[in-house]
Structure formats: C-alpha cells, structure tokens
C-alpha cells in the first residue's frame, strides 16, 4: 500500500526530515493546502493516510476507495472524524498516545500562569499604548483540580506540586497509585481555584463540562483546557466568562479550528488563547512522527 502524509506543514516538514530514515517505507508528502471537499482527490489511490489535523468527514472518506488506514498524529482523532463510522467502512484509524505528555503539561502550566497574572491582556494593552498594571492571582497554596489523571494529567500534577499548589484530581477509572488524591467530581469542582481539563474526547465525555457543572465551580475559578474543545459546552463557558463566574480561561483547543477572529471567545479579555500548540515542541514532534512512521511500517507488513 502507498502512503501519503496529506497535510504536512513547514514546521512538521522540517521535523520529518530529521526522523525519516533511508530504510523507512516511502511516504508522499503533501504540503499544498486543500479544501475539505477535496479530500478524495488528495488521497487518491493511497492505502495509508497520515493526518495531522485535517477534518475527514465520513462521506468523503467513503469516496477514497483504496484507503485502508488513517494514522492520526495524536490522540484526538474523534475531534476530526467519526472514528466508528470510518472503521465501519473498513478503514482502521490509528492514534498515537504518550508522545508529548510533558510538552502538553508544560503548556498547561504556562497557560495557568498567563491567566493568573493576566499576561496576555497586559501585553495587548501595552502594545496599544496603555500602561495598566493588573492585579494577578498568586498560585502558591491554591488548589488545582485536574480532571483526567492520565499521562498528561499526572505530569501537570508533578509540576504543580513543585510550584506549591495543592493538587486534587478526578479520573473516570480508579487509580491505585494516583499522582494526586482522587475526589468525587462535584467535590473537585467546588474546591478548586484552578481547574485543568486533561480528559480524552469520546462520546461519554463530549460536553462533559456543561452549564450544570460549571455552576458548581468556585466563583472566580480559572479554567485551563489543553485537551479538546468539545469537552466543554461552549455557550455555557462563554456565559460564565461574561458573568465573571469563571475569572479567566486559558484555551489551546476549540470546537472548530482554526478559531475565527470574530468568535466570541476571541473577543473576551478574560480568555488567553493558543493555537492548538500544546504538543508542538521539537522533542514531542520528533517522537510523534517517528511513531507514525513505525505504524506505517507495521500495517504495510
């Protein structure tokens, strides 16, 4: 089977050159942007498709007659395709876990600090000619609630403890050797000064943080989401930010990406944004692409 990397951007292209070996399976690299409905044309007669973050609607994948494998660069394939529908067509979707736990955890902490100290808002004001120091939140002694204590959540816990935060957590399944004390979800929401979302997205977690759960959060809470935008009910999030119930949100992920400039979240001062970049460090990208190539090698037999 032939393989195509359908959406290799310049940054990943540089990393690809570093990790690709002479004895690796041949892979066609597509760097040309394409519209969503052009997907069947781009994939053509390839049997294996490496997908960075392109949407793959089931109706379009159905038109890719020779496609047998999709290698998604990350864990969040469910945000870009209906995995169950696609696999019912006979196309196996492969995801890659654990390649960037430290990178995402560090971005989580970076967003937390940026929100606590209102860094982005002061940066915008200074560039616009206004000097207005803002009072921030000191994190030492505050309670950080981590929702989802997998590899990334555990790394967030490790770093946060070193900063003097009290760390509590909630996980969908029991963890005998958890990196932080496990609480019931309602208790975590009520006690946390800062909440970090680190859940995987699936049918059971879509819209996980809805209006009812947001209402249970401590007034003035800071919310960080480096997992998936669809974990949060967007209208409820925006309402809570406007009311001040959520003091500040640090968001790396969104329901639809890229986030448009006129989106309500992009117009709120108490939101700090990053462009789904939490996992994008050289170290994480090298591990990610190397594992993708190894999957291609394996499925080719």
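Every number in this text was worked out from the coordinates using simple rules, so none of it is lab data. Worth saying up front: this structure is predicted, and the values here are computed from it rather than measured. Neighbour counts are summed over all protein chains in view; Cβ atoms, including those assigned to glycine, are modelled from backbone coordinates with ideal geometry.
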**OP:** May I ask for log10 I(q)/I(0) of the chain at q = 0.12, 0.15 Å⁻¹, from a Debye sum over the Cα atoms as equal point scatterers with solvent left out?
**Re:** -0.84, -1.18
Original post:
With r defined as the distance between the Cβ atoms of residue 203 and residue 113 and R0 fixed at 30 Å, what FRET efficiency is calculated, to the nearest 0.05?
Top reply: 0.35
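For residue 268 and residue 24, FRET efficiency with R0 = 35 Å and r from the beta-carbon atoms, rounded to 0.05?
About 0.20, to the nearest 0.05.
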Original post:
Using alpha-carbon pairs under 8 Å, 6+ residues apart, how would you state the relative contact order of the chain in percent?
Top reply: 18 percent
**OP:** State, to one decimal in nm, how far the label point of residue 95 lies from the label point of residue 9, with both points 7 Å from Cα in the Cβ direction.
**Re:** 2.1 nm
Original post:
To the nearest 0.05, what FRET efficiency results for residue 128 and residue 286 with a Förster distance of 45 Å applied to their C-beta separation?
Top reply: 0.70
Original post:
Under a GNM of the chain (C-alpha, springs under 10 Å), which listed residue has the highest mean-square fluctuation: 217, 286, 122?
Top reply: 122
Subject >> Within segment 209-246, backbone nitrogen closer than 17 Å to the virtual label 7 Å beyond the Cα of residue 257 toward Cβ >> reply: 224-234
Original post:
What percentages, rounded to whole numbers, describe P(r) for segment 101-273 computed over all alpha carbon pairs with 5 Å bin width beginning at zero?
Top reply: 1, 9, 18, 23, 22, 15, 8, 3, 1, 0, 0
Subject >> Extension gain (nm, one decimal) between residue 187 and residue 54, 0.36 nm per residue minus Cα-Cα >> reply: 44.1 nm
Subject >> Highest average packing first - 142-149, 177-184, Cβ atoms within 10 Å >> reply: 142-149, 177-184
Original post:
Given only helices, namely DSSP H runs of n ≥ 4 each adding -39500 (n - 2.57), what is the per-residue ellipticity at 222 nm of the chain, to the nearest 500 deg cm²/dmol?
Top reply: -10000 deg cm²/dmol
